[in-house]
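> Sending over a structure as structure tokens; questions will come in a sec.
The values are calculated or read from the model by the stated rules, or taken from the named source; none is laboratory data. These figures come from a predicted structure and were not determined experimentally. Quick reminder, even Gly has a Cβ in these numbers, built from the backbone with ideal geometry, and neighbours come from all protein chains shown.
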Amino acid sequence: MTSLDINWVRDQFPAFAEPALQGQAFFENAGGSYTCQPVIDRLMRFYHQRKVQPYAPYEASRLGGEEMDEARRRLAALMGVETDELSFGPSTTQNTYVLAQAFRQWMTPGDAIIVTNQDHEANTGPWRRLADAGIEVREWQIDPETGHLDVAKLDDLLDEKVRLVCFPHCSNVVGEINPVADTAARAHAAGAFVCVDGVSYAPHGLPDVGALGADIYLFSSYKTYGPHQGCMVIRRNLGMMLPNQAHYFNADVLYKRFTPAGPDHAQVAACAGMADYIDAMAAHHGVSAETDAGRGEAVHDLMRAQEVTLLQPVLDFAKARNSVRLLGPDQAEKRAPTVALACEKSAEDLAAELAGHGIMAGGGDFYAVRALEAQGVDMEKGVLRVSFVHYTSQAEVDQLLNALEAVL
Ligand SMILES: Cc1ncc(COP(=O)(O)O)c(C=O)c1O
């Protein structure tokens, strides 16, 4: 397989040519990524030329509506799902909140759901609140040493009462890539649906959601080179069965059913720029695939291969420091390059020290409070998190390791 042309990749992100950011190496990508040029171009064009109510017959409106549809059509195809199975909400947290209201109406007291203590709060807190409606909430717990979610433990929690299993594709502090297809198959065999938080995974390559078998798959476009939106795949059989959360007259339109707020037209349209970027990357690297999902998968593999190569030395560095506890796996293939470190010093102080070395990183709990507490992290100190993606260069990783060497 060809390897990623990092110079081409970085040319697609204006931030790397921005004078104000020179010398600054960006390692808070799990918080929000840089935005690719096609997304910025589309956003600008929308505000300049199409900032009118979409879907009316006049030209500016027609083009605006078509661009919003294009975003859903192309991203859905890259993820192996139907166009109307993808919808955009204000954020993933907002999307899970709405979904939880739908499940609240559909389930009956005595039914059960399974949540994890590995998730970001967005894919666990709203679900746990179903306990108020008489729903039994079962917790699928991580190993306190490794942060690992063991599917064998899930089997112990599944029975005929369980309607839904919520878990992350990848936690934003443990970093381990969870076996979604296997987990979904086990849940389905027990008669339950699955809701997968892909926010920490999608930036490393959009998955083929159709192949994974997730009933709901969520990710945030502002962490995936796009504008600030929450992207939500809901497969048709589940989406049409759950009670509609939108205006009653929109009940027949799957992509409207779980987005009660009016969409941010410009940002939805600009999401088509994410597909432009993926397609341009495929073309530049000579990727040929028979299907859109196959092309998405090939770009995913290009990104992942680059990340894995750069990540291993970071993990090796962290493992070798006695004063540092690396959360999650120490093998790059098993995880995303989202690396949380529990250190002797306060993580926020360390992040401030790193800023002095031109490293942009953060410290704290990253809203994964349950996961950090379950692993016995000192919550006063929090964790230092350094996260990167495929566009990160070897030189930036070297800068990071030198800076860590100096501050730890
Ligand atoms: C793993 C994970 N899930 C969910 C979220 C919440 O996403 P949003 O900000 O779109 O609500 C985040 C945000 O940091 C996250 O890292």
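> Out of the residues in the stretch 294-311 that are β-branched (Val, Ile, Thr) and surrounded by fewer than 21 Cβ atoms within 10 Å (Cβ to Cβ), which is nearest to the chain's Cα centre (by Cα)? Give the derivation first.
The first filter runs over the stretch 294-311 and keeps only residues β-branched (Val, Ile, Thr), leaving 299, 308-309.
Filter once more, so that each one left must be surrounded by fewer than 21 Cβ atoms within 10 Å (Cβ to Cβ): 308-309.
Details: VAL308: 18, THR309: 21 Å.
The residue in question is VAL308.
> Taking the stretch 1-35, which residues are among the polar types (S, T, N, Q) and surrounded by 15 or more Cβ atoms within 10 Å (Cβ to Cβ)? Can you show your working first?
Residues of the stretch 1-35 that are among the polar types (S, T, N, Q), as a first pass: 2-3, 7, 12, 22, 24, 29, 33, 35.
If the condition is that a residue be among the polar types (S, T, N, Q) and surrounded by 15 or more Cβ atoms within 10 Å (Cβ to Cβ), then GLN12, GLN24, ASN29, SER33, THR35 are the ones that fit.
> If you check ASP132 against the conditions, is it over 22 Å from the mean Cα position of the chain (by Cα) and either within 16 Å of the ligand (Cβ to nearest atom) or farther than 16 Å from ALA192 by Cα (or both)?
Values: over 22 Å from the mean Cα position of the chain (by Cα): yes; either within 16 Å of the ligand (Cβ to nearest atom) or farther than 16 Å from ALA192 by Cα (or both): yes.
Here the answer is yes, as ASP132 does meet what is asked.
> MET241 versus (1) out of contact with any Ser or Thr (no Cβ under 8 Å at 6 or more places or on another chain); (2) closer than 24 Å to GLY328 by Cβ: which is the lone unmet condition?
MET241 satisfies every listed condition except (2).
> Which of (1) more than 18 Å from PHE167 (Cβ to Cβ); (2) of a type outside the set (Gly, Ala, Ser); (3) within 16 Å of the ligand (Cβ to nearest atom); (4) touching a Phe, Trp or Tyr at 6+ places or on another chain (Cβ under 7 Å) does TYR277 not meet, given it meets every other one?
(3)
> Restricting to the stretch 238-293, name every residue that is among the aromatic types (Phe, Trp, Tyr) and assigned to a helix (DSSP H, G or I).
Kept after step one, since they are among the aromatic types (Phe, Trp, Tyr), are these residues of the stretch 238-293: 248-249, 255, 258, 277.
Across the stretch 238-293, the qualifying residues are TYR248, PHE249, TYR255, TYR277.
> Which residue out of GLU85, GLU139, GLU121, GLU160 is within 16 Å of the ligand (Cβ to nearest atom), modelled with pLDDT of 95 or more and charged (D, E, K, R)? Can you show your working first?
Numbers: GLU85 fails: within 16 Å of the ligand (Cβ to nearest atom); GLU139 fails: within 16 Å of the ligand (Cβ to nearest atom); GLU160 fails: within 16 Å of the ligand (Cβ to nearest atom).
The match here is GLU121.
> Can you name every residue in the stretch 96-118 that is more than 16 Å from the ligand (Cβ to nearest atom) and either under 18 Å from VAL369 (Cα atoms) or not in a helix (DSSP H, G or I) (or both)?
Within the stretch 96-118, MET107, THR108, PRO109, GLY110, ASP111, ALA112, ILE113, ILE114 meet the criteria.
> Same structure, new question: Give the residues of the stretch 327-383 that are away from the ligand (no atom under 16 Å from the Cβ), among the β-branched types (Val, Ile, Thr) and closer than 16 Å to PHE317 by Cβ, sorted by residue number.
Residue satisfying the conditions is ILE359 alone.
Results for (1) buried (at least 19 other Cβ atoms within 10 Å of the Cβ); (2) in contact with a helix residue (DSSP H, G or I) (Cβ under 8 Å, 6 or more places away or on another chain), shown as yes or no for each residue.
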| residue | (1), (2) |
| --- | --- |
| GLU66 | no, no |
| ASP69 | no, yes |
| ARG73 | no, yes |
| LEU78 | yes, yes |
| GLY89 | yes, yes |
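> Looking at the stretch 214-241 only, could you name the residues that are out of contact with any strand residue (DSSP E or B) (no Cβ under 8 Å at 6 or more places or on another chain) and away from the ligand (no atom under 15 Å from the Cβ)?
If the condition is that a residue be out of contact with any strand residue (DSSP E or B) (no Cβ under 8 Å at 6 or more places or on another chain) and away from the ligand (no atom under 15 Å from the Cβ), then ARG236, ASN237, GLY239, MET240, MET241 are the ones that fit.
> So in the stretch 312-367, with the set limited to residues that are acidic (Asp, Glu) and part of a loop (DSSP other than H, G, I, E, B), which one is surrounded by the most Cβ atoms within 10 Å (Cβ to Cβ)?
Step one: of the stretch 312-367, the residues acidic (Asp, Glu) are 316, 330, 333, 344, 348-349, 353, 365.
Restricting the remaining residues to those that are part of a loop (DSSP other than H, G, I, E, B) gives 330, 344, 365.
Working: ASP330: 13, GLU344: 13, ASP365: 19.
Among those residues, the one meeting the criterion is ASP365.
> What's the number of the only condition in (1) more than 10 Å from the ligand (Cβ to nearest atom); (2) within 16 Å of the chain's Cα centre (by Cα); (3) within 19 Å of THR92 (Cα to Cα) that PRO179 fails to meet?
(3)
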